[in-house]
1. With charges only on Cβ, +1 for K and R and -1 for D and E, what is the dipole size of the stretch A:6-60 about its Cα centre, in debye, rounded to 20?
2. Shortest first, in nm, what separates the label point of B:Glu227 from those of the same position in the other copies (7 Å along Cα→Cβ)?
3. Let's see if you can work this out: charge +1 on each Lys and Arg Cβ, -1 on each Asp and Glu Cβ, no other charges. What is the dipole magnitude of chain A about its Cα centre, in debye to the nearest 20?
4. Which value in Å is the Kirkwood Rh of the stretch A:1-108 over different Cα pairs?
5. Could you tell me the largest-minus-smallest coordinate of the C-alpha atoms of the stretch B:115-248 on each of the three principal axes, in descending order and whole angstroms?
6. For the stretch A:1-70, what relative contact order do you get, as a whole percent, if you take Cα pairs closer than 8 Å and at least 6 residues apart?
7. Once the whole set of protein chains is in place, how much accessible area is left on A:Tyr224, using a 1.4 Å probe, in Å² to the nearest 10?
8. Mean Kyte-Doolittle of at least 0.5 plus a Cα span of 27 Å or more along the axis: flag which DSSP H helices in chain A meet both, please.
There are 2 protein chains.
Amino acid sequence: MINEIKNHRSVRSYTAQPVPEEVLNEILAAATRASTTGNMQLYSIVVTEDQAMKERLAPCHFNQPCVTQAPVLLTFCADIRRFSLWCRQRGAEPVYDNFAWFFNAATDALLASQNAALEAEAHGLGICYLGTAIYTASRICDILSLPEGVVPVTAMVVGYPAADTPLTDRLPVDAVVHRETYKDYTPGDIDRIWHERECSRETAGLLEANGLPNLARIFTERRYKGEDNLAISRSYLECLKKQGFFNQ
Amino acid sequence: MINEIKNHRSVRSYTAQPVPEEVLNEILAAATRASTTGNMQLYSIVVTEDQAMKERLAPCHFNQPCVTQAPVLLTFCADIRRFSLWCRQRGAEPVYDNFAWFFNAATDALLASQNAALEAEAHGLGICYLGTAIYTASRICDILSLPEGVVPVTAMVVGYPAADTPLTDRLPVDAVVHRETYKDYTPGDIDRIWHERECSRETAGLLEANGLPNLARIFTERRYKGEDNLAISRSYLECLKKQGFFNQ
């Protein structure tokens, strides 16, 4: 398996060592080599290295320490603006301000982000995706001056790891793979798939710390609560509308 | 730069040589190593190798010959179902049937897909993303028996390339990168960014073949027309509702 894929982990603690400009440029160039919808490159990457800007963005990412600690923060944005400006300048009428093209552009941005992640790791750097980019998308738009047609879809810190991070466990591969058609999960499948994780020492520690009887309830009652999920849904949809992805 | 990233191209013509099972398994395992939202792995991968199934799916991908020609077709799906079944089985109440979690799950699926693409290429295989997966998502749901909580977000053919494919040009890296804040594009920027592509021999050939005065109009009038874009928006949103991603 490609070394960077096999050894990928989310790094949450970084040294102060800066990312050399030529390494950052190689990471950004790697991002642009990913497949994109019709080679339209419907994304932009906003690079944050300025400490004051990182501090302004930190609350958008729930003040996770890695946001201000890591030397580089990348915000990957769906971007139909650049392409639409080009079209108009050439007398062509772009009709990309709609949901399908938000999703095409988001896809472009996300494939680019994964290339950036792996390329960073190939240079000995660590990364951590910040899913919070969609929780607080409107504030990020303000701070990064994202105009109509541009919206954050994910973010990532990049830097030199301060410590070794263990690999994260995954469900067995066959738990996420279906042959020819989707084979729905029986209660027995569900038990089998999660067995190892549910029996782990890490889970035992989490249950103890949270005073809850099982791991699933840590997800629904602590990590990703219904009311928060619905608030994020509403605010991200509103942000997409405000940024012009639901005009038609 | 990581070799597979640097040399990635979309391959549209394949030999009949099958993908060995152990190679396919390595590709699928690589997919599962990508970052995922809270390590929830909110995606499923449906593997199509059966020729009759590929023929049923081909119209969903506009009968592009590679769909039936390539030995393997992978459909990457956002999947909140498996996780929600687990939660319910443990007495936890999942609230993931909403837009935010469609997007989290889509992100998981797309990062996994890019790992799969690169890992396939590391084994000498070629791939091509099929953005058509969102155009005809409801039909794909029917053919692959995708239940509520599962929806296609992208697809990819995988196989041994029948011919060399040239690298695709990209906009200059600085065209998609912004430092600290989004720098909006001036008309001069737009001209500069697209200059090389607009002056290429490939573009000249396309203009001739399409009888159109510029490349932008090939996109808006031939490749991605307004009426089609709006139809895709409507049908994909309807499919997301039908599959239970807008329940709340």
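The values are calculated or read from the model by the stated rules, or taken from the named source; none is laboratory data. Quick caveat: nothing in here was measured; it's all calculated off a predicted structure. Note that each Cβ is placed from the backbone with ideal geometry, even for glycine, and that neighbours are counted across all protein chains shown. SASA here: full protein model, heavy atoms, side chains in, ligands and nucleic acids out. Shrake-Rupley method; radii C 1.70, N 1.55, O 1.52, S 1.80 Å.
1. Numbers: 6 positive and 6 negative charges, 79 e Å.
My answer is approximately 380 debye.
2. Relative to the other copies, B:Glu227 has label-point distances of 4.9 nm.
3. With only Lys, Arg, Asp and Glu charged at Cβ, the dipole is about 420 debye.
4. Working: mean 1/r = 0.0613 Å⁻¹.
It works out to 16.3 Å.
5. Extents along the principal axes, in whole Å: 48, 41, 39.
6. 46
7. Per-residue accessible area (A:Tyr224): approximately 40 Å².
8. Values: long enough: A:99-122 (34 Å, 0.52).
Within chain A the helices that satisfy the rule are A:99-122.
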